Structure formats: structure tokens, C-alpha cells
1. Please give the calculated 222 nm ellipticity per residue for the protein assembly as shown, where each DSSP H segment of at least 4 residues contributes -39500 (n - 2.57) and the sum is spread over every residue; nearest 500 deg cm²/dmol?
2. Roughly how tilted is helix A:136-148, in degrees to the nearest 10 and between 0 and 90, from the longest Cα axis of chain A?
3. Of the listed peptides B:217-227, B:101-111, what is their order by residue-averaged count of other C-beta atoms within 10 Å, with the highest listed first?
4. For the range A:29-98 and the range B:169-188, what is the separation of their Cα centres, given in Å?
5. For peptide A:89-95, compute the average count of partner chain beta-carbon atoms within 10 Å of each residue's beta-carbon.
6. Considering Cα pairs under 8 angstrom that are at least six residues apart, work out the relative contact order of chain B and quote it in whole percent.
7. Just need the relative contact order of the range B:48-107 here, percent rounded to a whole number, with Cα pairs under 8 Å and 6+ apart.
8. Between residue B:39 and residue A:129, how high is the FRET efficiency from 1/(1 + (r/R0)^6) when r is the Cβ-Cβ distance and R₀ = 56 Å? Nearest 0.05.
């Protein structure tokens with residue numbers, strides 16, 4: 001197992017910049033999720049690590065060794081494709097054993113290791129079957145088996161759960177994480193699904209337009225988003241933005257939202273006057289009749305354990321996640337209160353989060 | 001069959017009447033196309049007088065005379081001389097003597113047939129091998145001027161081959177390739193390779209790149225990945241392409257008649273020459289043609305599954 005280090009990696013296809021000067025390190029045994037919408041460069045980044053695509057500039061180190069221009073076959077990595085790419089002319093056993101065959105492993109050992117791997121993934125009963133007749137989950141496990149049988153330096157996975165139906169995806173998320181806990185393989189996992197990333201990853205890199213917007217643990221990403229993009233992409237419903245016009249002074253502990261003072265974490269920098277946004281997660285909003293921030297109920301969505309209530313305020317529609325006990329009438333006037341320590345302030349022009357005491361250490365990608 | 005026509009194409013299941021009409025049309029068409037074949041096989045077992053009788057005889061006494069005449073050369077002898085010979089050694093001997101002739105030796109049919117086999121299969125093998133590699137290259141790599149190159153390759157088929165026969169004839173004479181098997185193999189390969197590249201590019205485009213990428217990550221070189229992963233999946237396309245190439249090379253007449261005359265002569269220009277040997281020997285010609293049809297028939301039947309799937313151009317892949 002090993003460490004993957006990416007330094008200033010860049011990839012251009014003609015005039016289109018797919019990946020812009022990205023740098024990050026995946027430590028030994030760590031599970032990194034590259035998260036972003038389609039076309040954000042996450043798959044291209046993964047393919048460069050694999051050696052399926054050559055970078056325009058930058059370096060890739062595997063265990064300290066510069067492999068930037070090494071062949072894919074010489075990198076000792078495993079790749080799980082979105083559509084699995086199981087060899088249709090081979091049965092399950094031969095699919096899993098195929099990587100070992102290239103290394104000249106003896107037949108008896110191939111058999112032993114394929115069987116061991118199959119047992120680990122609970123597919124030892126279908127080794128003789130043709131891969132074309134397999135169900136989605138089994139195909140997924142065979143693809144994983146082919147990846148882990150070789151005990152490679154690291155695993156790269158390109159949306160491996162993308163084609164499974166929702167119910168089964170959840171099962172596989174647990175299985176994948178459990179597998180990772182058992183074999184502790186350095187893993188880079190590409191996905192556009194924030195739930196998968198949050199549920200499995202040790203670290204998440206949120207990408208947009210070829211740029212890593214934020215790199216951090218799921219908690220950091222969720223609690224201290226480095227940009228409006230990240231704040232909007234993560235969370236369901238996403239973070240609310242309440243816009244206001246102001247400048248900020250370092251050390252400020254409150255802002256004015258439509259003339260109402262709102263306590264915020266201590267600001268860590270000076271900001272010139274301009275359009276700003278207060279970021280509030282739906283679960284950090286409470287209804288309070290005494291609050292001067294007023295709004296009219298616009299709609300609600302019952303979720304069982306809680307409900308999402310949309311409120312139209314002077315600063316736009318705000319969604320709050322509140323207890324399901326209380327029911328609201330449409331148009332009913334409510335007061336909103338925020339958990340001050342959890343608020344974030346963004347500069348709308350650049351989209352970046354203003355440094356503040358709880359997110360002072362947030363790393364920008 | 002059942003697995004091929006269950007999918008996609010027709011949304012509405014045809015009614016029994018429609019099916020019956022369609023079946024009738026297909027059977028009728030098959031009968032029409034089979035009449036010349038039946039004619040050839042029947043003529044090959046007729047006696048020479050029966051073969052030219054009008055109206056054509058449907059009922060007749062079959063004879064092997066046509067085949068005997070095809071395989072042998074004969075000389076006319078006086079009845080006295082034939083009487084003086086020892087007893088005939090086989091059916092052909094007997095038939096020949098009844099026509100006041102004796103067998104002088106074997107004909108050139110089998111050597112010519114052998115030339116056809118070597119040249120047709122040799123050129124098909126070369127055309128399909130080169131075509132597969134070229135098609136893979138065009139399909140997977142950013143080839144500079146790929147579109148122009150592909151058009152150029154296709155353009156070699158835009159005029160009848162015979163239009164370039166004279167230059168090729170002169171060129172071949174210069175290079176000593178006239179009347180050689182190698183010359184014919186190269187020529188048919190050159191004609192077929194354009195067809196092979198275009199057909200196979202379509203098939204290889206259909207094979208997802210992920211398979212090779214997976215193989216390369218699994219520790220194989222690109223060539224190994226091509227060999228172990230792409231080729232096995234391209235067999236359908238390769239088989240279909242091979243049949244088309246083989247049929248062309250096997251049936252080709254114009255170049256063969258121009259460029260081969262002796263040791264490398266193929267069967268198509270040889271068969272008409274049978275007529276000249278002792279009157280209009282239609283049964284012998286028909287026998288030669290009937291045997292000539294067999295390899296293509298066998299090859300097509302052996303590969304018919306691939307051919308059927310191949311004609312739909314990978315539409316039924318999985």
C-alpha cells in the first residue's frame with residue numbers, strides 16, 4: 001500500500017482545460033473521494049493517476065516514485081470502471097485471475113488467490129459462471145475482485161456504483177467501506193454523489209471546472225465549506241444563502257441582514273464593501289416568534305423524522321430542517337433564528353468563504 | 001434465431017398473417033436464387049446429349065461422365081485399339097472407352113483449384129489481418145488526417161478494378177509477379193483491404209475502450225490487450241469481413257484471366273477452357289463449377305452465425 005502525491009497536475013484537451021493545476025496527497029491507507037458534477041475533471045484526474053491519460057504538466061508520485069509518464073501496466077494500480085469492463089469472453093474466475101496471469105503467477109497460486117478473493121467478496125459460488133449473465137451487484141463484486149486480487153499499491157474507482165439502482169447502491173456503499181476497513185488500501189474514488197462521498201471517504205476533494213474547490217474531511221467540507229460552490233453542492237437541501245451588501249472588518253462578530261443584526265463567528269479578515277452572502281445550513285435554523293427575521297411559509301416537505309420548510313424572507317427563500325411535529329399553514333408568518341457558531345459568510349464576487357474563527361484553517365484547493 | 005429477433009427493432013409483434021406472407025416471400029426468393037445452383041448440379045450429372053436437349057430434361061439417367069471429363073484429359077482412339085486394351089480399371093475408364101476415347105492423364109482442374117484455395121485464403125488472411133490492425137489504429141488513436149486517409153482507402157474501390165488492369169499488368173510483368181501466386185495474393189489483398197478496414201472499423205468502434213484500458217491496468221501492454229481482449233470480441237466482425245473478402249477473391253475473374261495463364265492460374269479462368277476440349281462439354285463445366293462452389297458454401301455455413309450477427313453491424317451486441 002502506498003501514498004499518492006499529485007503536484008500541479010494539469011490536463012488540457014485542445015483549448016479545453018479539464019484539470020487546472022491540482023495538488024493533493026492521498027496518504028497510505030486513506031480513502032479519498034473526488035466529488036463534483038460531470039465534466040468537472042474528476043475522472044480525468046483519476047485517469048491521469050492510472051496512466052490512461054498523460055498530463056499536460058505536473059507530476060504524479062506513487063510511494064515517492066515519479067510515475068507521471070509510466071505506462072498504466074507499470075504502475076501497479078487497480079482501476080474499477082463505471083461500467084465494470086468485465087471481459088465478456090471470460091468467466092468470473094478468469095476475469096478475476098486475469099491480472100495475475102500477466103504477472104506470470106503459477107496456476108495453483110492463481111486458483112488459491114482468486115478463491116480467497118471471491119470468498120472475501122462472497123462470490124465464490126459463481127466463479128464458473130459467465131459474466132454476461134450476472135446481476136449488477138455481482139458484476140460489481142467481480143470488478144472489485146479483479147482489482148483486489150493483485151494487492152496493488154492503490155485502488156482507483158470511477159463511479160463504480162453509478163449504474164446500480166438506489167437500493168442496492170446503499171448496500172454496496174457499506175460493503176465498499178467495510179472492504180476498505182479490512183484491507184486498508186489507498187483508494188481514490190470518483191463520484192458525483194455526495195452521499196457516497198460522505199459515507200465512505202476519509203477525505204473529500206470537491207472539484208468544479210477542473211479546480212479543486214476544497215480538500216478536507218467530510219466534516220470540514222460540510223461544516224466549513226471553503227466556497228459557495230462547495231456549500232451549495234454538499235448537503236440536501238443545500239446551504240441557504242442570504243444576500244446582503246456590506247464591508248467587513250477583522251474581528252467583527254455580527255452582520256446586518258436587511259437591518260437586523262445577526263451574530264456570526266468572529267471574522268478573520270477585512271473585506272471591502274460589496275455583495276456578501278450569509279450561509280446557513282437548513283438544520284441550523286430554528287423557528288422563534290421573537291426573532292426579528294421574519295418570513296412567510298412558502299411550502300413544506302414532510303420527511304418522516306423531520307420536515308423541510310421553505311420560508312420566503314426579504315433575503316430570498318430559505319429552507320429550514322425542523323421537527324416534524326409542528327404543521328405550518330402556507331403564508332403563515334414565522335420568525336427565524338440561526339445557530340450563530342455554525343454560520344458562514346461568503347464574498348459573492350469570488351464565491352470564497354471569509355475566514356472566521358471556526359473555519360480559519362479551511363484549506364483552499 | 002430466436003435470440004436475435006426478440007430485441008428492439010420491431011415494436012409491434014407481427015400478426016400471423018403478416019408472418020406467413022413474409023415467410024412465403026422469403027421462400028419464393030430462396031427458390032428463385034437456387035434455380036441456377038440446381039441447374040448447375042443437375043447438368044453436372046447429365047450426359048452431354050442430355051445437357052443440351054431442349055426442352056431441358058428434368059428426368060434423366062445420371063452419369064459421372066461430366067466429372068470424369070473434368071478430371072482427365074483424353075485422346076480419341078480407334079475401336080480396334082480400345083478392344084486390344086486390358087479390361088477398364090474404373091468407372092471413368094469405362095465411360096471414356098464407350099465414347100471411343102482413352103484417358104491420357106489427369107486434367108489441370110485440381111492444380112487450378114488448389115491455386116484458387118491458396119490465393120483466396122491467403123489474400124483473405126492478409127486483408128483481414130492488415131484490416132484489423134489498421135481499423136484498430138483508426139478507431140483508437142488520433143491518426144493525423146484520419147478522415148482523409150479513410151476516404152483515400154475507400155476511394156480505391158470507386159472504380160471497377162478492370163480499369164487499372166493494364167497498368168497492373170505492365171507493373172507485374174516488370175516485377176516478375178505475373179502468373180505467380182504471390183502476385184495474385186498481393187493484388188486481391190490490396191483490393192480487399194479497403195473493404196476490411198471500413199467494415200472492421202465499425203465493429204471495433206463498438207467495443208468499449210474500457211476493456212483495453214482494464215487490461216492495460218491489469219499489467220498487459222497495448223498489444224497484449226489487443227490480442228487478448230479486443231480480438232476475441234471482434235470475432236464476429238472478423239468472420240463477416242473474412243467471408244466478404246473470401247467471396248471476392250474466390251470469384252474474381254478479370255484479373256485472374258489477365259494475370260495468370262499457367263502455373264498460378266485460378267479456377268475461374270480455367271473452368272471456361274474445359275468447353276474447348278472435345279466439343280461443348282457442358283456437364284464437365286457444370287461439374288467444375290459445382291465443385292468450385294463447395295468451399296465458399298462450407299465456409300459460409302461454418303461462419304453463418306457470425307455472418308448473421310455481423311450483417312447487423314453489432315446492433316445486437318448484448
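1. Computed ellipticity for the protein assembly as shown at 222 nm equals -13000 deg cm²/dmol.
2. 70 degrees
3. B:217-227, B:101-111
4. 50 Å
5. 2
6. It rounds to 26 percent for chain B.
7. Relative CO of the range B:48-107 lands at 40 percent.
8. 0.65
No value in this document is a laboratory result; all are computed from the given coordinates. Everything numeric in this text was worked out from a predicted model, so none of it was measured. All Cβ positions, even for glycine, are placed from backbone atoms using ideal geometry, and neighbour counts span all protein chains on display.
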